[in-house]
Amino acid sequence: MNDCFLRACHRQPTGWTPVWLMRQAGRYLPEYRALRARYSLLDLCREPALAAEVTLLPVRRFGVDAAILFSDLVIPLQAMGVTVTVQENYGPVVADPVRRAADVERLRPLEPETDLAPMLATIRALRRDLTVPLIGFAGAPFTLACYLVEGGPSRDFARVRALLYQDAATWRALMERLTENIIRVAVAQVQAGAQAFQVFDSWAGALSPTAYREAVLPYLQRLCAALRPLGVPVIYFATGAAALLDLLPETGATVIGLDWRVPLDQAWERLGDGVAVQGNLDPAVLLAPFPEVARQAADVLARAGGRPGHIFNLGHGVLPETPPETVAQLVAFVHQTSARVARPVCVSAGETPCA
Ligand code: CP3
């Protein structure tokens, strides 16, 4: 078992800097596109054999140090009774947006063992095959609320921001319901075998620090506190969060994921040394010739400075135009450049402990 990623989450020394990439199983991979020619995204998520196969693609191909469950943040929304689809090159679209107190009542408590049976079956199957840790995930309460209230992707989430000021009681009811359901999802994923849990707060950057502290942070604290007894690291990833960095350790997360807009060393200083950090190479860099990729990846590693508690990742998901060969070169570069012990070749198959 290659436990380098889990050790880094807990800020323990590791033989090299672990690396995995958000959206590492996605449209940039020809094998993934071949499957998507036959199945919709949500079909792939709902068929455990296929979801497990897709999860394993980047692990086998690149030797990354962690796998992330192949699923989508709309799956739990559907389990709450929301009619939501994912439109290609656009994102989630909610048929009947949440705007009033009565709309919140429509969100039902989900029962993971029945409502999320394929997701949990995927996790159990993966744990039989994987030799790197498996990361489970869900959307953060705020990011799920963004899709529910706006009805789809939005440039500035004005409706969401308006709701939390106009009708704080409805906002709180919505966030409470989402938080309780996300806790159920997380607990079920961990009980099925997920060894870490990432909370994606993709739209947190839409809020002012005051609004974030009052309307979002308490629910993240509740989520992280509910997960703490399970003993798995919680990674909190927010994008556009430069103005929120000082608040993020208050979530109680073990690891803070950084997007590419903040220099990793300065961000870590603001977060303090009570958390590990994950990130944060700009995904667009992977469209450049490899010498530029290497230069910028080396800069991220230099800013981490070999301190325990850095997990190399991109600052957001792999772009569909990314050459898979560049990802292969990046993973090898991070492993070689950060190696503090000789890293046996067989480690890409996950056969060697890393400490
Ligand atoms: O990271 C991984 O490899 C695991 C799989 C994963 C997917 N979605 C599969 C997927 C994860 C972790 C997610 C989370 C997710 N889904 C987020 C949070 C992360 C982020 O990007 O901020 C969000 C916002 C969503 C909602 C969503 N689903 C969007 C915005 C899109 C893109 C729409 C598009 O076509 O560009 C999706 C679709 C989606 N989910 C794809 C994948 C691989 C795109 C490819 C496809 O349609 O098959």
Exercise. In the stretch 6-27, what residues are under 16 Å from VAL331 (Cα atoms), within 16 Å of the ligand (Cβ to nearest atom) and over 14 Å from the mean Cα position of the chain (by Cα)?
Worked result: PRO18
Exercise. Does the stretch 155-162 contain any residue that is modelled with pLDDT of 95 or more and within 18 Å of the chain's Cα centre (by Cα)?
Worked result: no
Exercise. Got at least one residue in the stretch 240-260 being under 18 Å from ASP65 (Cβ atoms), open to solvent by 10 Å² or more (accessible area, probe 1.4 Å) and not small (Gly, Ala, Ser)?
Worked result: yes
Exercise. Only one of (1) among the hydrophobic types (A, V, I, L, M, F, W, C); (2) open to solvent by 10 Å² or more (accessible area, probe 1.4 Å); (3) farther than 30 Å from ASP3 by Cα is not met by PHE200, so which one is it?
Worked result: (3)
For this session: Being within 15 Å of the ligand (Cβ to nearest atom) and surrounded by fewer than 18 Cβ atoms within 10 Å (Cβ to Cβ) is the filter; apply it to the stretch 88-122 and report the residue that is nearest to ALA188 (Cα to Cα).
Result: PRO118
Exercise. List the pairs whose first member sits in the stretch 178-205 and is assigned to a helix (DSSP H, G or I), whose second member is of a type in the set (Val, Ile, Thr), and whose Cβ atoms are under 8 Å apart, counting only residues at least 6 apart or on separate chains?
Worked result: ILE182/VAL199; GLN189/ILE123; VAL190/VAL232; ALA192/ILE123; ALA204/THR143; ALA204/VAL216; ALA204/THR239; GLY205/THR239
For this session: Determine, yes or no, whether THR85 is in a strand (DSSP E or B), modelled with pLDDT of 95 or more and open to solvent by 40 Å² or more (accessible area, probe 1.4 Å).
Result: yes
Exercise. Out of curiosity, is ALA188 surrounded by 24 or more Cβ atoms within 10 Å (Cβ to Cβ) and either touching a Gly at 6+ places or on another chain (Cβ under 6 Å) or among the small types (Gly, Ala, Ser) (or both)?
Worked result: no
Seminar exercise, completed: Subset of the stretch 54-111, residues in contact (Cβ under 8 Å) with a residue 60 or more places away in the chain, among the aliphatic types (A, V, I, L, M) and closer than 26 Å to ARG33 by Cα, comes to LEU56, VAL59, VAL64, ALA66, ALA67, ILE68, LEU69, LEU73, VAL74, LEU77, VAL84
Seminar exercise, completed: When every residue in the stretch 72-82 that is assigned to a loop (DSSP other than H, G, I, E, B) and more than 9 Å from the ligand (Cβ to nearest atom) is compared, the one least open to solvent (accessible area, probe 1.4 Å) is MET80
Problem set entry | Residues that are touching a Gly at 6+ places or on another chain (Cβ under 7 Å) and within 22 Å of TRP203 (Cα to Cα), drawn from the stretch 91-121 | GLY91, PRO92, VAL93, VAL94, PRO97, LEU107
For this session: Select the helices (runs of 4 or more DSSP H) contained entirely in the stretch 1-62, then report the ones holding at least 2 residues which are open to solvent by less than 20 Å² (accessible area, probe 1.4 Å) and of a type in the set (A, V, I, L, M, F, W, C).
Result: 4-9, 41-46, 48-62
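Residues are listed down the side, and each one gets a yes or a no for (1) open to solvent by 20 Å² or more (accessible area, probe 1.4 Å); (2) touching a strand residue (DSSP E or B) at 6+ places or on another chain (Cβ under 9 Å); (3) under 18 Å from ALA238 (Cα atoms):
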position	(1), (2), (3)
VAL149	no, yes, no
GLY152	no, yes, no
PHE157	no, no, yes
ALA162	yes, no, no
ASP167	yes, no, no
TRP171	no, no, no
THR179	no, no, yes
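The values are calculated or read from the model by the stated rules, or taken from the named source; none is laboratory data. These numbers come from a predicted model, not from an experiment. Here the Cβ is made from the backbone with ideal geometry for all residues, glycine too, and neighbour counts use every protein chain on show. The area values use the complete protein model at the heavy-atom level, side chains included, leaving out ligands, DNA and RNA. Shrake-Rupley method; radii C 1.70, N 1.55, O 1.52, S 1.80 Å.
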